[in-house]
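Notes follow the structure.
The values are calculated or read from the model by the stated rules, or taken from the named source; none is laboratory data. Source: prediction; values computed, not measured. Here the Cβ is made from the backbone with ideal geometry for all residues, glycine too, and neighbour counts use every protein chain on show. Note: accessible area is taken over every heavy atom of the protein model, side chains too, but ligands, DNA and RNA are not part of it. Shrake-Rupley method; radii C 1.70, N 1.55, O 1.52, S 1.80 Å.
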Amino acid sequence: VGIDKGYITFQEGYDRIDGTLDTLLSMKRTEGFFYHFVDIKSGERAWGSEVSNIDTAILMMGVLSAGQYFGGDIQVKAEQLYAEVNWPWFIDENVDQFYMAYRPEKGKGFEGYWDFYAEQLMLYVLAAGSDTYPIELSTYYAFTRHYAKYGGEPFIHSWFGSIFTYQFSHAWIDFSNYVDQDGVNWFENSVEASLSQVAFATNMDDKYLTIGPNAWGLSASDSPNGYNGLYGAPPSGYDNKAHEIDDTVPPYGAIASIIFVPEESKQA
């Protein structure tokens, strides 16, 4: 993007990507997966963080995008990183779902499941498309799809109702022309999720100082007391009580829905 916009030269972009990929290839991985947080200087695991499949997936999306853009040696390095990720290793075959995390010092090591809708759609696409370690399509259909609504049409929602969960995978994958075997169009699902956030914020205008028709998109972000991953809007959980609100509105929430609800995003 920086190159195409003229912010940096092609060579500057190439050198940055090339160096970044060399760093990634030299870092410690587990079955090809990266730790969630690493030290910026050494590349070593930081804060006792977990081996993270979703953060590895987000990273691979960027890696593969860079590889396709530049081609040549950069694409070779990008494809190597992708090829070394052992996607099935992170799946619990008993429930056919991805675990969320792995910590080598804890018992069997695995923690949690991607058992509800969230930002993990990219996981299934990357894993199914792997030439080296592919997964079965059944894993994609194994997580819970809970329909609920706020003000509009029912849609499949995430547990905390954080708007980022409806956005992340769409940054790289255009789902607009795809309908799965259950009749789900994930692009339209995110349209409904975004509209529900607008409706909720509009209805809360009198109750909160910040939240309103032009201040919507409740999502995980920094809070007055540090990071809060529970921020969101209904529908949430099974009873709309899973999310938290304290009038904090992250600017990225509305901006990142511009592909789903362009007019509402521009107004915000």
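Taking the criterion of being outside any loop (DSSP other than H, G, I, E, B), among the charged types (D, E, K, R) and more than 17 Å from Glu31 (Cα to Cα), no residue of segment 78-103 qualifies.
Which ones in segment 62-78 are open to solvent by less than 20 Å² (accessible area, probe 1.4 Å) and in contact (Cβ under 8 Å) with a residue 24 or more places away in the chain? Within segment 62-78, Val63, Ala66, Ile74, Ala78 qualify. Once segment 214-246 is narrowed to residues that are assigned to a strand (DSSP E or B) and not acidic (Asp, Glu), the residue that is farthest from Ser158 (Cα to Cα) is Gly226.
Does Val249 qualify as being at pLDDT 95 or above, of a type in the set (Val, Ile, Thr), open to solvent by less than 60 Å² (accessible area, probe 1.4 Å) and assigned to a helix (DSSP H, G or I)? The answer is no for Val249. Would you say Thr23 is farther than 17 Å from Leu126 by Cα, open to solvent by 20 Å² or more (accessible area, probe 1.4 Å), touching a Gly at 6+ places or on another chain (Cβ under 9 Å) and not aliphatic (A, V, I, L, M)? Yes.
For segment 26-60, enumerate the residues that are part of a helix (DSSP H, G or I), open to solvent by less than 20 Å² (accessible area, probe 1.4 Å) and either farther than 17 Å from Tyr124 by Cα or in contact (Cβ under 8 Å) with a residue 60 or more places away in the chain (or both).
Asn53, Ile54, Ala57, Met60
Taken over segment 130-165, the criterion of being among the hydroxyl-bearing types (Ser, Thr, Tyr), over 18 Å from the mean Cα position of the chain (by Cα) and farther than 30 Å from Ala83 by Cβ is satisfied by Tyr147, Tyr150. When residues in segment 162-213 are screened for being in contact (Cβ under 8 Å) with a residue 60 or more places away in the chain, assigned to a loop (DSSP other than H, G, I, E, B) and open to solvent by less than 30 Å² (accessible area, probe 1.4 Å), 2 of them pass. Would you say Tyr252 is in contact (Cβ under 8 Å) with a residue 60 or more places away in the chain and either among the hydroxyl-bearing types (Ser, Thr, Tyr) or on the phi > 0 side of the Ramachandran plot (or both)? In short, yes.
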